[in-house]
Amino acid sequence: MNLEDRVESCRTRASAWLDSMVLEPGRPERVRFSFFHDPDRWPGMLLPASYDALHCRILLGSWNREDSARAVDYLNGFQHEDGAYRLPGMRPDSVYKGPDPERTREYVDLHATNYAWGAVRSLGGRERFRPAFLDRYLAKEGLAEWTARRDWGDPWMEGNLVVNLGSFLIAASEDGDARAAERLEELFAWLDGIQDEDTGFWGNRMESRRDILEAMAGAMHTFHLYYRTGREPRYLDRIAEHCISLARNELRPVTSACLDVDIVDVLANLHRLGRRRKEIERILKEKLELLLEVQNPDGGFPDERGGILRFDGWVGGYWEPQGLSNCFATWFRCAAVAVASCILFPHSASTWKFRDTTGIGYYPNDGKAS
């Protein structure tokens, strides 16, 4: 079986595994996170399981649009009046993303909300409540205060915060909110002003290979804001140099679902923007072959092979053994397969249905050969 046929087999098997996660007949939007997940004990994980699975099914082309209205209603059942989508049972004392509790709360809220809201939009729906939580950022002094509080010693986390907030600013701007449009321009001016010239990433230290790897992971998210608004990130040649080096060394084998989709995404977009195409094609071909090999016999994908998997930030909540197929890893790894396939098999690019909102699963794919 050639590589393109293996990709098609991967799609079919992943779709079948996602079907096996459905909890009750006739409710394809309501899924468990994995076979390990007990939804009665951990109902909070039904939210990420559902938006992960929905994003992945839409990407694969296996979602039945006739079920979209009910799926929108289901996801919106997790939305609070302030506009945020939250996992039931996730208490403030059980989450941790650093010593600042406000930063942790903000991270968890923006993380779940962007993915859930993004799934609602991908289904053609609208959220139940307006994003009132965004009001604090729409004030000029509010965004300035927020940017001043960023901790660039942790560029991976900050990249997630930036892309999630930026996603809502873009949507509000496109909906005609003049304040959002102004804040968006200020956000880009701030990002341009602190971007590292030597790497093209963001971060206050680039002393080790690990520093550069984490900065790349954070930057991959931030780059989405540029692509989505038709901007081209600066220092593309430096970005290409460092990402190709990482892809040939630390990220050459299959690592985590997050890092693998990060490096594939950055390289594919560099190729799309005309940088070092032949090298990138060779790297993506090798990476794609390895990604296909990590697919589990049941058709789903694992995050990593050893250790414990938790929902990001929920350190006192749900956990399961690594190595199992789960909705999060299946979506992230299918996204990596899809993005790589758009470069390697451009004639099939139109068969992938990427999300339109920024974050993992977004790719500015026009369905045309490059």
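The values are calculated or read from the model by the stated rules, or taken from the named source; none is laboratory data. Quantities reported herein were computed from a predicted structural model and do not represent experimental measurements. Reconstructed Cβ throughout: ideal geometry from the backbone, glycine too, with neighbour counts over all protein chains shown. Just the protein is used for accessible areas: all its heavy atoms, side chains included, with ligands, DNA and RNA removed. Shrake-Rupley method; radii C 1.70, N 1.55, O 1.52, S 1.80 Å.
Descriptive notes on the structure:
- Scaled against 2.2 N^0.38 Å for its residue count N, the alpha carbon radius of gyration of segment 1-105 is 1.28.
- Convex hull of Cα atoms in segment 213-370, direction-averaged projection (nm²): 9.3
- Kirkwood-type radius of segment 139-232, with distances r between different C-alpha atoms, in Å: 13.5
- Cα-Cα separations in segment 122-172 greater than 14 Å, expressed as whole percent: 62
- Pairwise FRET efficiency - PHE345 versus ARG277, Cβ, R0 = 25 Å, nearest 0.05: 0.95
- Label point distance in nm, ASP93-VAL294, each placed 7 Å from Cα along Cα→Cβ: 3.7
- Less than 5 angstrom separates the built amide H of ASN204 from those of GLY153, all sequence-distant by 5 or more or on a different chain.
- For segment 104-228, the dipole from Cβ point charges (+1 on Lys and Arg, -1 on Asp and Glu) about the Cα centre works out to 540 debye, to the nearest 20.
- Seen from a random direction on average, the alpha-carbon convex hull of segment 26-81 projects onto 4.4 square nanometres.
- For segment 90-99, putting each phi into the Karplus relation 6.51 cos²θ - 1.76 cosθ + 1.60 with θ = phi - 60° gives couplings of 7, 8, x, 7, 10, 10, 7, 10, x, x Hz, in residue order, rounded to whole numbers and with x for Gly and Pro.
- Over segment 277-326, the pair-distance histogram of Cα-Cα distances with 10 Å bins from zero comes to 23, 36, 26, 14, 2 percent, rounded to whole numbers.
- Approximating the spin labels as points 7 Å out from Cα along Cα→Cβ, the ARG41-to-ARG205 distance works out to 3.9 nm.
- Percent of Cα pairs exceeding the 14 Å cut-off, where the set is segment 158-207: 57
- Matching the structure-derived Rg/Rh (Cα atoms, Kirkwood Rh) against the labelled list (i) 0.93; (ii) 1.12; (iii) 1.05 gives the label (i).
- Rounded to whole Hz, the Karplus (6.51, -1.76, 1.60) HN-Hα couplings of segment 120-129, x for glycine and proline: 4, 5, 5, 7, x, x, 10, 5, 6, 10
- Taking a Cβ cut-off of under 13 Å around GLY200, the surrounding Lys, Arg, Asp and Glu residues balance to a net charge of -4, with basic ones at +1 and acidic ones at -1.
- Distance (nanometres) between label positions extended 7 Å along Cα→Cβ at MET1 and ASP82: 4.7
- Residues of the chain: accessible area per residue with a 1.4 Å probe, Å²: 40
- Estimated vicinal HN-Hα couplings, Hz - segment 285-295 in sequence order (Karplus 6.51, -1.76, 1.60; Gly, Pro = x): 5, 5, 5, 4, 4, 5, 4, 5, 5, 7, 4
- Given charges at beta-carbon only (K, R positive; D, E negative), |dipole| of the chain in Debye: 680
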